[in-house]
Amino acid sequence: MTLAYDSVLATTAVISTVFQFLSGTVICRKYIQKKSTGESSGVPFICGFLSCSFWLRYGVLTNEQSIVMVNMIGSTLFLIYTLVYYVFTVNKRAYVKQFAIVLAILIAVIVYTNSLQDDPQKMIHLTGIVCCIVTVCFFAAPLTSLVHVIRVKNSESLPLPLIATSFFVSLQWLIYGILISDSFIQIPNFLGCLLSLLQLGLFVLYPPRSYSYSGQGYKLLEQAVPF
């Protein structure tokens with residue numbers, strides 16, 4: 001029975017996470033329409049690619065098919081978003097440099113962990129730690145929004161639907177991590193749940209004076225923390 005729960009939960013978590021990753025298409029569509037990236041940064045796309053790539057590696061090492069599937073899709077989508085941003089940004093050289101640094105980190109970690117093949121558990125453990133660190137670092141973008149909300153005492157700048165979705169997605173993966181006894185899946189998604197709850201709490205403490213979706217497009221990706 002537990003195995004059946006695992007399978008159902010993994011399937012729903014993969015589907016909901018992929019839909020969350022697809023929020024990047026909204027941003028890229030605006031880039032294509034305006035033929036410019038404007039003032040926005042492409043760093044979240046690069047970080048998303050890095051995070052999904054590490055989790056894909058972790059899924060392969062642990063033979064967790066749901067982790068492999070969701071992060072294979074995620075890394076592909078974020079790579080596409082990265083390419084779209086590159087096409088329309090005026091700071092191509094700086095963006096290539098940022099992507100090269102991330103790619104170098106990814107390759108370095110893979111090469112080093114491959115040298116630990118004689119000790120598979122250490123290989124998995126180290127990869128899991130890297131995945132957690134990268135995912136937790138990705139939380140920095142939404143945290144900057146929280147500081148702004150507390151300062152102006154108004155939550156209208158936060159994307160409520162996506163925050164609720166993020167909580168739901170993180171909760172699914174947290175429960176899945178508990179069911180399969182994987183602390184590396186539990187930790188980042190527990191923090192993701194806390195972050196989402198904190199943001200939802202701000203809607204109660206500082207109700208929006210008015211709510212508009214204009215200008216919220218880029219926040220979609222910041223909230224869609226890669227698994």
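Among the DSSP helices (H) of the chain, those spanning at least 24 angstrom by Cα along their long axis with an average Kyte-Doolittle hydropathy of 0.0 or more are 2-21, 43-62, 65-88, 92-114, 120-138, 160-179, 183-205; this is a geometric and hydropathy rule only.
Would you mind getting me the FRET efficiency between Arg151 and Ile32? Use the beta-carbon distance for r and R0 = 35 Å, nearest 0.05.
That gives a FRET efficiency of 0.55.
Residues in the stretch 20-178 average 50 Å² of solvent-accessible surface per residue, probe 1.4 Å, ligands and nucleic acids excluded. When peptides 111-119, 54-62 are sorted by average Cβ neighbour count within 10 Å, with the highest value leading, the order is 54-62, 111-119. Ordering Ile180, Ile163, Ile187 by accessible surface, largest first, gives Ile187, Ile180, Ile163; the 1.4 Å probe counts only protein heavy atoms, with every chain in place. Available extension along the chain between Thr11 and Phe168 is 55.1 nm, counting 0.36 nm per residue and deducting the alpha carbon span.
Out of the total accessible area of the chain (probe 1.4 Å, heavy atoms of protein only), what percent is carbon and sulfur?
Details: 8100 of 11550 Å².
Carbon-and-sulfur percentage of accessible area, whole number: 70.
The value of relative contact order for the chain, using C-alpha pairs under 8 Å at least six residues apart, is 29 percent.
By definition, a body whose alpha carbon gyration tensor gives a ≥ b ≥ c is oblate when a/c is 1.5 or more and a/b is not larger than b/c, and the stretch 1-121 fits this oblate description. Every helix of 4 or more DSSP H residues in the chain counts as -39500 (n - 2.57), and over all residues that averages to -27000 deg cm²/dmol at 222 nm.
Working from the alpha-carbon coordinates of the chain, get Rg over Rh, Rh being the Kirkwood radius. Mind showing how you got there, number by number?
Details: Rg = 18.0 Å, Rh = 18.3 Å.
For the chain, the value is 0.98.
The Rg/Rh ratio for the stretch 80-122, using Cα coordinates for both the radius of gyration and the Kirkwood hydrodynamic radius, is 1.25.
The residues neighbouring Asn71, those whose beta-carbon lies less than 15 Å from its own, together hold a net charge of -1 under the Lys/Arg +1, Asp/Glu -1 convention. The distance from the alpha carbon centre of the stretch 148-212 to that of the stretch 98-125 is 30 Å, rounded to a whole number.
Spin-label pair Asn91-Val18: with each label point 7 Å from Cα along the Cα-Cβ axis, the two points sit 3.4 nm from one another.
The values are calculated or read from the model by the stated rules, or taken from the named source; none is laboratory data. Keep in mind the model is a prediction, meaning the values are calculated, not measured. Don't worry about glycine lacking a Cβ; one is built from the backbone with ideal geometry, like all the others, and counts go over all protein chains shown. Ligands, DNA and RNA are excluded from the accessible area calculation, which covers all protein heavy atoms including side chains. Shrake-Rupley method; radii C 1.70, N 1.55, O 1.52, S 1.80 Å.
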